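Chemist: One structure, pasted below without further comment.
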Amino acid sequence: MAILRCNHCGHLAEVSDDSANKILPCPKCSQPAKTYPTLFFIERLLDKYFTAQRELNRLSTSASPASVAPTPAASAPPAPQDFDLSNTDHLANELQHGPIYDWFRKKQIAVQADMRGVDTSGFYDEVAEAIGDNLDLFKEVVERIRWSQQKEYASTTIHLDKKTPDEAAQLSRFCQQLYDFSFVAKCFHNKAEQNVRLILQTAPSIRQFFSGEWLEWFALMQVLRYTKERGRRFSCARGLEIALQNGDKAELDVFALLDGNLPICIECKSGDCRPHIDRALMLRKRLGLDTRQFVMCVAGLSDEQVKAYTAMYELTFANERTLSTHLQKLF
């Protein structure tokens, strides 16, 4: 449906799509009224909303008694050192996502963000970082849980008998962490049989986490920690839905905008990345990003494959170990 907005009486109404961009009599006062495509109308409405939010933010800052100097970029969200990145819902709001909406609108790309995707007040980020920092050891746990969930099994067992004492201790602690953070329903340590039995959670969010979303959380936290170290201002999103002008739709796993002008897109794959390369190349070109700004982060990819794939394609490849190195160079 299209939108009719009467400037004379303020009446707002829906009309058929074929009436868009026409002048029609207002159903309420009969004065000539302009009609707009729905997406165009919403974009302009959001523009005004974010402009008002930024002005309120500027006025609030300037009215503060402690304010002795103008703050940089009044429209930018607070610098990351102002809050605990790993335990905050500060990022889960429209204002934080505003610069990202603006960036995409300038490219005439419709965008929709999931606010919960950057809410770190839960434990997703902590567990994701634990996995990413020690994937060689913890991958078995993640894969066993993922496989068991797909098979609709109620539990899975982690065997420790062939591990070194140090590896067995780390795996036991990780399994206990999963229970402490409610990623599994129960955790039984069987020292006699040298295994840990995990009773699985069935919540969709937990299933999605072990199916690959853990890597998105890991990549997001890598970006946030580098912005904090360097004191950069940023906007970030995870699971960002976009609609291109030709009608194609896509979801960007992690998208960050530094200082309002440096976009970084990270596509995360915990399995075989090769079927997704063509799509990634298309997205990078449609978004107009430099090769360094579009990263395919593939869990478990060897360092040799990272270098080879980066040389072969107009994309930057990384694994969970090399992602931080690439971000460091990019920042």
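Chemist: Going by how many other beta carbons lie within 10 Å of each one, how would you line up GLU216, GLU152, fewest first?
Modeler: GLU152, GLU216
Chemist: For SER155 and THR291, compute 0.36 nm times the residue count separating them, minus their Cα-Cα distance, and round to one decimal in nm.
Modeler: Full extension of this stretch gives 44.7 nm more.
Chemist: Using a Gaussian network for the chain with springs between C-alpha atoms less than 10 Å apart, which of these wobbles most: SER19, SER270, SER30?
Modeler: Judging by the Gaussian network model, the answer is SER30.
Chemist: Still on this model: Using the Cα centre as the reference, give the magnitude of the dipole from point charges on the C-beta atoms of the chain (Lys, Arg: +1; Asp, Glu: -1; all else neutral), rounded to the nearest 20 debye.
Modeler: For this selection, approximately 740 debye.
Chemist: Looking only at ILE199, ILE131, ILE145, which one moves most when the chain is put into a Gaussian network model with springs between Cα atoms under 10 Å?
Modeler: ILE199
Chemist: Suppose the chain between TRP147 and THR88 were pulled fully straight at 0.36 nm per residue; how much longer would it get relative to their current alpha carbon spacing?
Modeler: 18.1 nm
Chemist: Which is farthest toward the positive dipole end of the chain among ILE109, ALA154, ALA318, measuring Cα position about the Cα centre, with Cβ charges +1 (Lys, Arg) and -1 (Asp, Glu)?
Modeler: Result: ILE109, furthest along the dipole toward the positive end.
Chemist: Compute the distance in nm between two label points, each set 7 Å from the Cα along the Cα-to-Cβ direction, one at LYS34 and one at GLN328.
Modeler: Taking the two extended label points, one gets 5.3 nm.
Chemist: Something else: Can you give me the angle between helix 214-230 and the longest principal axis of the chain, using Cα atoms only, in degrees from 0 to 90, rounded to the nearest 10?
Modeler: That helix lies at roughly 70 degrees to the long axis.
Chemist: Roughly what angle does helix 165-180 make with the longest principal axis of the chain, taking Cα atoms, 0 to 90 degrees, to the nearest 10?
Modeler: Here the helix axis deviates by roughly 40 degrees.
Chemist: Separate question: Over what distance in Å are the Cα centres of the range 187-209 and the range 269-294 separated?
Modeler: 34
Chemist: With +1 assigned to the C-beta of every Lys and Arg and -1 to the C-beta of every Asp and Glu, and no other charges, what is the dipole magnitude of the range 124-205 about the Cα centre in debye, to the nearest 20?
Modeler: Dipole size: approximately 400 debye.
Chemist: Bin width 5 Å, origin at 0, all Cα-Cα pairs of the range 173-331: what percent of pairs per bin?
Modeler: 2, 8, 16, 18, 17, 14, 11, 7, 5, 2, 1, 0, 0
Chemist: Let me ask something else about it. Evaluate E = 1/(1 + (r/R0)^6) for ILE199 and ARG116, where r is the Cβ-Cβ distance and R0 equals 30 Å; express this FRET efficiency to the nearest 0.05.
Modeler: Taking R0 as 30 Å, the efficiency between ILE199 and ARG116 is 0.70.
Chemist: Rounded to the nearest 0.05, what FRET efficiency is calculated for ASP278 and SER16 with R0 set to 45 Å and r the Cβ-Cβ distance?
Modeler: Efficiency computed from Cβ-Cβ geometry: 0.75.
Chemist: Report, in deg cm²/dmol and to the nearest 500, the calculated mean residue ellipticity at 222 nm for the chain, where each DSSP H run with n ≥ 4 adds -39500 (n - 2.57) and the sum is divided by the residue count.
Modeler: The helix-only estimate for the chain comes to -12500 deg cm²/dmol at 222 nm.
Chemist: What list do you get for CYS187, CYS175 if you sort them by fewest beta carbons within 10 Å?
Modeler: Lowest to highest Cβ neighbour count: CYS187, CYS175.
Throughout, read-outs are computed from the coordinates displayed, never taken from laboratory work. Source: prediction; values computed, not measured. No Cβ is skipped: glycine too gets one built from the backbone with ideal geometry, and neighbour counts run over all protein chains shown.
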